[in-house]
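Comments concern the structure below.
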Amino acid sequence: MPINASSSKVQFISEEQIKSQGLVNENVDSKILEPIIVLTQETELNRILGTALYVHLQNSIISGSLNSDETFLLDSYINPVMVWGVMRNLPTFLS
């Protein structure tokens, strides 16, 4: 269940970023990859960030009002966690 009503539409990392930064092949369909991105951020990233920061970042992404610190947090810390989290969860859904 999403924490924020709009959270199913918010992704902290894009499919292209996962494919370019990780070991995910270009042939992996977005129908498989997108639900895993959402699952990873809702189960793992939410636990790491805490619900308040997680929801705040979601709302900032939706409204387009990320400040420089939040952008730095996303680029430097959240993106690597998401890349490796998705790659860890992906084999379960590919087999």
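Numbers at a glance
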quantity	calculated
The chain - Debye-derived log10 I(q)/I(0), Cα point model, q = 0.10, 0.16, 0.21 Å⁻¹	-0.24, -0.63, -1.06
Cα long-axis angle, helix 30-40 against the chain (0 to 90 degrees, to the nearest 10)	50
Listed residues Ile61, Ile48, Ile78 arranged by accessible area, highest first, probe 1.4 Å	Ile48, Ile61, Ile78
Under the Karplus curve 6.51 cos²θ - 1.76 cosθ + 1.60, θ = phi - 60°, whole-Hz ³J(HN,Hα) for the stretch 66-83, x wherever Gly or Pro sits	5, 8, 5, 5, 5, 5, 4, 4, 4, 6, 8, 10, 6, 4, x, 4, 5, 4
Share of carbon and sulfur in the accessible heavy-atom surface of the chain [1.4 Å probe, %]	56
Angle in degrees between helix 51-63 and the longest Cα principal axis of the chain, rounded to the nearest 10	90
Helix-only CD estimate at 222 nm, as mean residue ellipticity for the chain, using -39500 (n - 2.57) per DSSP H run (n ≥ 4)	-17500 deg cm²/dmol
Rg/Rh for the stretch 49-93, where both radii come from Cα atoms and Rh is the Kirkwood radius	1.06
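The values are calculated or read from the model by the stated rules, or taken from the named source; none is laboratory data. Everything numeric in this text was worked out from a predicted model, so none of it was measured. Side chains are part of the model used for accessible areas, which takes the heavy atoms of the whole protein and leaves out ligands, DNA and RNA. Shrake-Rupley method; radii C 1.70, N 1.55, O 1.52, S 1.80 Å.
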